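Student: Next up is a structure, given as structure tokens.
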Amino acid sequence: MENEQPKNLIALLVSSLNEEANDDQVLSGLTRAEIFDEVLMMIITGYETTSTALSWFIFFASKNPQIQQRMKEELREHHLLMIDNLKYVPPLTADNLTSLTYCECVTKEVLRLAPVFGLTSRIATYDTIVNDVKIHRGQTILIALHNINTDARFLGEDKNHHPLAMIPFGGGHRACIGQELAWLELKTIIVRMMQRDITFEDTPENVGGYNERITCFPKNVVVRVRFD
Ligand code: HEM
């Protein structure tokens, strides 16, 4: 039992509790206050982000009925659309979720266009020059993720492979720790809504815009939800 590896994040955090931990000894563990901060961050980053991305999906979907239609066609082709007026909604498995490539592209496109986090930052650890711009050690660099995601120079690039064409989750070893979970949650919820033949319809008040706090969320999303 003693040598067993912790099996989840909470267990991992609790197993590193050490009230005497200090920053000079990196491997000395985490204090109670540090564990509290970590858990709080997971709750905030784990909830606010995905729900914001879903609001963006609803906004974009309402502006693009043909895309909602095509997602449902893909579901019909895979026999995943509900039948008999909600009497039977086919279950989603990891395999059939993976096979829904069009739905996946839509989910990715929402994250590319929607600035859930408009920017992230890094502190330069050494002097360097990037594209003729001098950067000095210790300077904070703001990285405009949303600008990069929508930069016309990357539009023709393969978004699965170009390192800059698609970075809603940041990059490098401080990239988003929850990105796999976020993909799975987002795609599952979006597909579940489409499976039930829900349609988001545009209205005159649905004018968009955004508010930027911790995340960047749509300001005026006023859609009509139709259950077919
Ligand atoms: C659509 C959903 C999400 C988006 C767009 C998103 C985006 C991001 C971005 C841009 C960063 C900064 C990365 C960097 O600086 O390179 C980040 C960091 C982080 N995210 Fe997410 N995130 C999402 C969902 C989640 C979820 C579901 C969790 C946890 C369950 C999570 C936990 C974190 C944590 C802990 C960090 C800090 C990582 C570190 O500093 O080492 N995120 N996220």
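The values are calculated or read from the model by the stated rules, or taken from the named source; none is laboratory data. Keep in mind it's a predicted model, so treat the numbers as computed, not measured. Glycine also receives a Cβ, built like all others from the backbone with ideal geometry; neighbour counts cover every protein chain displayed. To get the accessible areas, we keep the full protein, side chains included, count just its heavy atoms, and leave off ligands, DNA and RNA. Shrake-Rupley method; radii C 1.70, N 1.55, O 1.52, S 1.80 Å.
Student: Net charge near HIS136, counting Lys/Arg +1 and Asp/Glu -1 over other residues with Cβ under 14 Å of its Cβ?
Tutor: +2
Student: Could I have the simple spin-label model distance between THR101 and THR203, label points 7 Å from Cα toward Cβ, reported in nm to one decimal?
Tutor: Each label point lies 7 Å from its Cα, and together they span 3.8 nm.
Student: Would you list, by chain and number, the lysines whose Cα falls below 24 Å from the Cα of LYS187, excluding same-chain residues fewer than 8 positions away?
Tutor: The reachable lysines, counting only those whose Cα sits under 24 Å from LYS187, are LYS63, LYS72, LYS87, LYS108, LYS159, LYS219.
Student: Continuing with the same structure: Express as a percent, rounded to the nearest 5, the fraction of DSSP beta bridges in the chain (both residues included) that run antiparallel.
Tutor: Roughly 95 percent of the beta bridges in the chain run antiparallel, per DSSP.
Student: Here's something else I'd like to know. Report the local net charge at TRP56: Lys and Arg +1, Asp and Glu -1, summed over other residues whose C-beta lies under 12 Å from its C-beta.
Tutor: Here the count lands on +2.
Student: Ignoring ligands, DNA and RNA, what accessible area per residue does the chain give at 1.4 Å, in Å²?
Tutor: Per-residue accessible area for the chain comes out at 67 Å².
Student: Using a 1.4 angstrom probe on heavy atoms only, work out the carbon and sulfur share of the accessible area of the chain in %.
Tutor: 57
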